[in-house]
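Data first, discussion second: the structure below is written as structure tokens.
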Amino acid sequence: MIKRILVALDPDADTPVATRFAIRLAKKFDASLTGLAVVDMSNIHSVISVGGYGTEISGKQIWSEMADDTRQVAAKLLSDFKSAVEKAGVRHRDIKKEGASYEIIIEEMKYHDLLIVGRDSHFFYNQPEKDTQTLAKVVKGGDAPTLVVTDEYRDVEHIMIAFDGSSPAARTLKGFVHLLPYGKDIDIELLNIAGGDSMEEMDKAGTILKQAESYLKEHNFSYITKVILPKGSPGERILERQMEKKPDLVLLGAHSVSALKRTTFGSTTHYMITSSQGALFLSP
């Protein structure tokens with residue numbers, strides 16, 4: 001059951017959508033919301049020059065101005081969040097902290113049931129275009145599932161579960177079932193991309209989906225269909241199916257085959273994070 005939801009605030013257009021998703025869930029579960037704005041200074045320390053005295057003073061002045069701007073953005077984000085949740089009549093608290101974004105978010109996730117965050121969040125308020133890998137660090141390093149949203153809000157009635165039988169996929173499936181964010185009367189499509197064209201590979205994919213289906217039925221989910229897609233790039237296959245069927249939510253495992261397993265997504269998850277047409281649910 002969901003009782004505490006963390007919303008990571010960022011200046012991007014998807015943050016109001018994240019807040020809307022959070023409000024909807026908070027009302028359903030009588031849960032409280034936490035709006036978190038992080039003043040991350042780590043990307044502006046480098047502007048302080050190690051040159052001469054005058055250069056150093058100039059660098060410190062620039063740093064101070066950038067830091068003030070960043071704090072002002074954080075304050076505005078919290079103000080907007082507070083206005084939205086109070087209008088909705090939802091219990092909430094607001095947090096502003098200074099430090100490394102991903103470390104602070106991960107720490108707060110320890111005490112929340114779900115993180116909701118915008119897909120385009122970078123958390124460097126004075127350099128919003130900066131790609132920081134913060135989202136991957138948060139999803140893979142946190143202690144709670146993450147709902148990643150785009151700039152479009154949808155009521156969740158139809159979900160797609162990309163399930164390959166791996167541990168990351170199983171953790172995401174179990175995280176969703178245990179939280180039960182959208183009830184049990186939802187339409188579920190279980191999806192697997194075959195590893196090849198042979199009958200053996202098709203049977204393997206079918207067995208994996210039957211196991212996932214059995215698990216869902218034990219938890220009283222009834223409206224389940226199973227689909228096996230032909231071999232191909234998993235990310236492209238999932239996205240094609242998403243665009244065709246238009247589910248309200250896609251469940252993914254936060255895969256990674258990179259040596260930097262705790263700081264990057266795998267290729268499939270990265271592809272969906274950057275290309276998805278709707279919200280994604282992932283577990284660490």
Pairs returned, first residue in the stretch 72-95 that is surrounded by fewer than 16 Cβ atoms within 10 Å (Cβ to Cβ), second residue that is in a strand (DSSP E or B), beta-carbon separation under 6 angstrom, 6 or more apart or interchain, are Lys82/Asp94; Arg91/Ser32; Arg93/Thr34; Ile95/Leu36
Please determine, by comparing only the residues of the stretch 238-265 that are at pLDDT below 80 and crowded, with 20+ Cβ neighbours inside 10 Å, which one is farthest from the chain's Cα centre (by Cα).
-> Ser256
Does any residue of the stretch 220-240 turn out to be in contact (Cβ under 8 Å) with a residue 60 or more places away in the chain and within 28 Å of Leu25 (Cα to Cα)?
-> yes
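Per-residue answers, yes or no, for (1) of a type in the set (A, V, I, L, M); (2) modelled with pLDDT of 75 or more; (3) out of contact with any Lys or Arg (no Cβ under 8 Å at 6 or more places or on another chain):
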residue: Lys3; (1), (2), (3): no, yes, yes
residue: Thr34; (1), (2), (3): no, yes, no
residue: Ile44; (1), (2), (3): yes, no, yes
residue: Ile48; (1), (2), (3): yes, no, no
residue: Thr55; (1), (2), (3): no, no, yes
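The values are calculated or read from the model by the stated rules, or taken from the named source; none is laboratory data. Keep in mind the model is a prediction, meaning the values are calculated, not measured. Note: ideal-geometry Cβ built from the backbone for every residue, glycine included; neighbour counts use all protein chains shown.
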